[in-house]
Every structure is written in C-alpha cells, then in structure tokens.
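What follows is one structure encoded as structure tokens, with my remarks underneath.
The values are calculated or read from the model by the stated rules, or taken from the named source; none is laboratory data. Only a predicted model underlies this, so the values are computations on that prediction, with no experimental measurement involved. Reconstructed Cβ throughout: ideal geometry from the backbone, glycine too, with neighbour counts over all protein chains shown. Protein only, heavy atoms only, side chains kept; ligands, DNA and RNA dropped before computing areas. Shrake-Rupley method; radii C 1.70, N 1.55, O 1.52, S 1.80 Å.
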Amino acid sequence: MCLVGAALAPPRLVRAQQLTATERAHAVAAVWSEARYNFASWDRVRADWDSALAANLRLATAPQSDLLFYRRLRRFVAMLGDGRAAVLASPNLRSRIARPPLLLTSVERRPFLTDFAENDEMRVARPERGAEILAVQGLPAEAWIRDSVLPEISAATPADRWQRAVAWMLEGERGTTLQLLVRVRGSEPRGLSVTRSFSLNDRWPLEPPAFAVESSPNGTTVVHIGSFADDDIVRQFDRTFPDFRAVQGLVLDLRRASDGKTEYAYQILARLTDQPFAAVRWKTPAYRAAFRAWNLADSAMSWYAPAAGSVAPRSDHPAYAGPLAVLASSATGGAAEDFLAAFRAARRGAIIGEPTAGSAGDLATFALPKGWGVQFCVTQHAFPDGTAFAGVGVRPDILVVPTVDALLAGTDPALEQALAYLARGGERP
C-alpha cells in the first residue's frame, strides 16, 4: 500500500492525537534499532542504514502531520527490501488513509483496472474492466508510480515491488478526488473521476476469497488459496476433500497468497503426499555483544540455524497421489513460498508461472509510540538443501509471464499450461 498525492509540506491544520517531535524521533530510533539487531536479511540491504537514521531524525524534528510522517517512515522501512515489512499506523490515522474501490493489476508493467465495487460513485463514473490507466492527476502513470509510489514500497524483488505499487497507486487521504485518464483497447482515452473512499480500517470489498474451488467435467480440480493466515484454510480443504476419489488432476493456485503461517501451508502439503517431506531451513540473527569487544562480526553475520526438519504425511485424512501442479506469481510470498520450497524438494509436481516474491520468513512486530508499530522478517528461509530464495524467489519449472493480450482476451495462460501438464500425466514439455 502507498500514499500518493499528499503534499510534502507542513499542514495548515494540526490533527488531534498528533505525534510530538520527541515521539517521532523515538519511532525513527526504534525502527533503526529493532531492524539493526533483529532483521534477518542484512546481506541484501544496499542502503547506509546509519546515514538513513541521521537523515530521518532530522526530518522528524520538523512540524508535520502524522500522515506525512507515516510516508517518511515507510520510505525508511522500504530500504530494508523486505516484502513483508510494514509501518503499522494507529487506528486514528488508518481511518484517514483510503483508496477508491478499484482493483488494479500490473501486466507488462502497465496498470489495468480489472474490477470495481459497485457504489453510487461507480454507477456514475462507469469504469470499464480491462481499462488501462494512462495518467493520474495529469501525470503519466509510469511517472506517477515511479516517483510517488515506489519509494514507499517494501519488496524483495523488482517485480513484486512494481506490482505492489500498481495495486496501491491510488491510495491517499480519505475523501480526496483523483482524476484518471483511462483507455479501453480500441477506444479513445477518457477521463475518470474517483474518490478515495475505502480506508485502511474498512473491509476491502474486492478482497478475493481465501479459499475457492473450481471443478471441470474431466475430473480436474482447481483450488485457489489466497492466504494461509488462518487455520480455517486447512479445515476448508479437508471438508472439500474428505478423500480424492473424484479428483483426476489437481491445480493449486497460490498466485495471490502472500501471508500466513507456514504451519498451515505444510498441513495442506501433507495431504498431497504419502511420504515425509523436508521442511525449509531457517536461520535468525544471533547477536553476541562480546563480538563487538573482539572486533568480530556481530549479529549481521552470526546466526542461530537449527538442523532442517521434516513433516510427516497426515494420517487423519487420505492423501492425494495423482498429478499435481501449483501456480505461482511475483506476488506469491511468505508461507506460500515455504510451501513451494518444500513442494519442490518433495518432487511432487511442477511449479508454473513466475518467480515468487522472495520474502519468506517469520514476522515480528515491534511497538512504536501511540499505537504505531513496525514489522519485518526476523528469520531467513531457504530450500531444504540450503539454497537461498530470499530476494530472488522460488523459480517456476515452467515459466509463464502474464501478457496484456491474455488479460484483455480473458484467458489464463498459466492455468492453461497447468491443465496441459496434467493432461500429459505430469510430464513436462
């Protein structure tokens, strides 16, 4: 998510519950310190973290709104290059940050409107699905994203960073209006006026279901998993598949799964094999104060790294032994990447789609003043054989990159490849 279109200048009105200069400095120092000793991927950080601390402490002393400070703190945290890092604003501020009810998708680095939620404004504006956003507030869309959005986006790979920026490119202060220039293929560009109306505290009306199933007459089943955040995912999977007698081929779609717990991902994988499988390896910084006295490497180079474990197949439900494919995208992250790493090690099937977000790891949340917080990964995960995928992602066995032509035609090339793979009995081309 990202705030755009807000002026980087002191506001005319001082809001209630505004952070003081001392509290802003406290927040900056806490982010620096907690990340310095707990963040797990310093080997990938190219920024000068100490210089960034000094610069942000200076900025924190100036009079400013909470909204402006939030943007600045997000830029600071984005320097970590962690796709799961985030600044957690207070509920009061979250109510003031909003976006229009438009679902945006990046294809070939171009922003497209793929869906919208019906309300009075949308019935008047008449947005069209498949429209490309050409400009925002008179600025070319690419320049708007690059200059106003990307600096605040936390991500481990360029592809994930860009798709996140597109998804949140219209966020800003609630109640403000955006003028867009959009175009549907074959038509002339036209203006579209939309209001930032759905705040961070509101339920997002375009959130995809966490679990959905499609079946075809030939016995192929497609399971869409949007999140591993709740153990209800496992219960839904088990209710849907008390056994797999009617399933001739299975596609697991993890292209939108970017959060959750690895435990739940493994519980589903444990239903897709009748053999134990290796879990991902993990390590976490192990700070040793004596190393500073001895001029040796500190926590950035010292690790606690337990031996790799394994996960047994589940005995409470029958396992699926048929052909299997998993879909992945540049947005696939967190627990879903751990699933893919274990899935590949188990040699259970093919991964089809794009390289993933490269942001697996356990999240820790640290408190900041007045109900604010910051979170980032405190473990670094790798394949069971030790091969790292942090910062690069899990690469697919069959690469399928989304195209504008496919989007506008309403086709799904990655799913088509998966179905063809299953039709071949799980043999790769």
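Quick notes on this one:
- All positions within region 377-427 that are assigned to a loop (DSSP other than H, G, I, E, B), over 19 Å from GLY130 (Cβ atoms), touching a residue at least 60 places away in the same chain (Cβ under 8 Å) and within 21 Å of the chain's Cα centre (by Cα): VAL378, THR379, PHE383, ALA390, GLY391, VAL392, GLY393, VAL394, PRO396
- Here LEU178, LEU170, LEU252 are screened, and the one residue that is touching a helix residue (DSSP H, G or I) at 6+ places or on another chain (Cβ under 9 Å) and either under 30 Å from SER41 (Cα atoms) or surrounded by 15 or more Cβ atoms within 10 Å (Cβ to Cβ) (or both) is LEU252.
- A single member of SER329, SER315 is out of contact with any Pro (no Cβ under 7 Å at 6 or more places or on another chain) and open to solvent by 20 Å² or more (accessible area, probe 1.4 Å), and it is SER315.
- The criterion of at least 3 residues that are of a type in the set (D, E, K, R) is met by the following helices (runs of 4 or more DSSP H) wholly inside region 77-167: 120-125, 158-167.
- Those residues of region 104-140 which are open to solvent by 10 Å² or more (accessible area, probe 1.4 Å) and of a type in the set (Gly, Ala, Ser), in sequence order: SER106, ALA117, ALA125, GLY130, ALA135, GLY138
- Selection count, region 26-55, where residues are surrounded by fewer than 22 Cβ atoms within 10 Å (Cβ to Cβ) and either in a helix (DSSP H, G or I) or touching a residue at least 60 places away in the same chain (Cβ under 8 Å) (or both): 19
- Filter pass, ALA345 being touching a residue at least 40 places away in the same chain (Cβ under 8 Å), closer than 30 Å to ARG424 by Cβ and buried (at least 20 other Cβ atoms within 10 Å of the Cβ): no
- In summary, ARG190 fulfils each of the numbered conditions (1) more than 29 Å from SER258 (Cα to Cα); (2) touching a Ser or Thr at 6+ places or on another chain (Cβ under 9 Å) with the single exception of condition (2).
- Filtered residue count, region 81-95, keeping only those that are in contact with a strand residue (DSSP E or B) (Cβ under 9 Å, 6 or more places away or on another chain) and crowded, with 22+ Cβ neighbours inside 10 Å: 5
- Filtered by the rule that a residue be open to solvent by less than 10 Å² (accessible area, probe 1.4 Å), of a type outside the set (Lys, Arg) and within 16 Å of PRO318 (Cβ to Cβ), region 264-284 gives ILE268, LEU269, ALA270, LEU272.
- Among the residues of region 195-224, those identified as part of a strand (DSSP E or B) and among the polar types (S, T, N, Q) are THR195, SER199, SER215, THR220, THR221.
- There is no residue in region 187-209 that is of a type in the set (A, V, I, L, M) and open to solvent by 40 Å² or more (accessible area, probe 1.4 Å).
- Filtered residues of region 225-244 (kept if under 16 Å from the mean Cα position of the chain (by Cα) and of a type outside the set (Gly, Ala, Ser)): ILE225, PHE228
- Residue identified as in contact (Cβ under 8 Å) with a residue 12 or more places away in the chain, touching a helix residue (DSSP H, G or I) at 6+ places or on another chain (Cβ under 9 Å), under 30 Å from VAL124 (Cβ atoms) and aliphatic (A, V, I, L, M) among LEU200, LEU150: LEU200
- Residue in region 363-371 that is surrounded by fewer than 21 Cβ atoms within 10 Å (Cβ to Cβ) and on the phi > 0 side of the Ramachandran plot present: yes
- Cβ pairs under 6 Å, 6+ apart, first in region 58-69 and more than 20 Å from ASN92 (Cα to Cα), second among the hydrophobic types (A, V, I, L, M, F, W, C) and open to solvent by 10 Å² or more (accessible area, probe 1.4 Å): THR61/ALA21
- Cβ pairs under 7 Å, 6+ apart, first in region 123-142 and at positive phi, second surrounded by 13 or more Cβ atoms within 10 Å (Cβ to Cβ) and not in a helix (DSSP H, G or I): GLY130/PHE112; GLY130/VAL184; GLN137/GLY5; GLN137/LEU178
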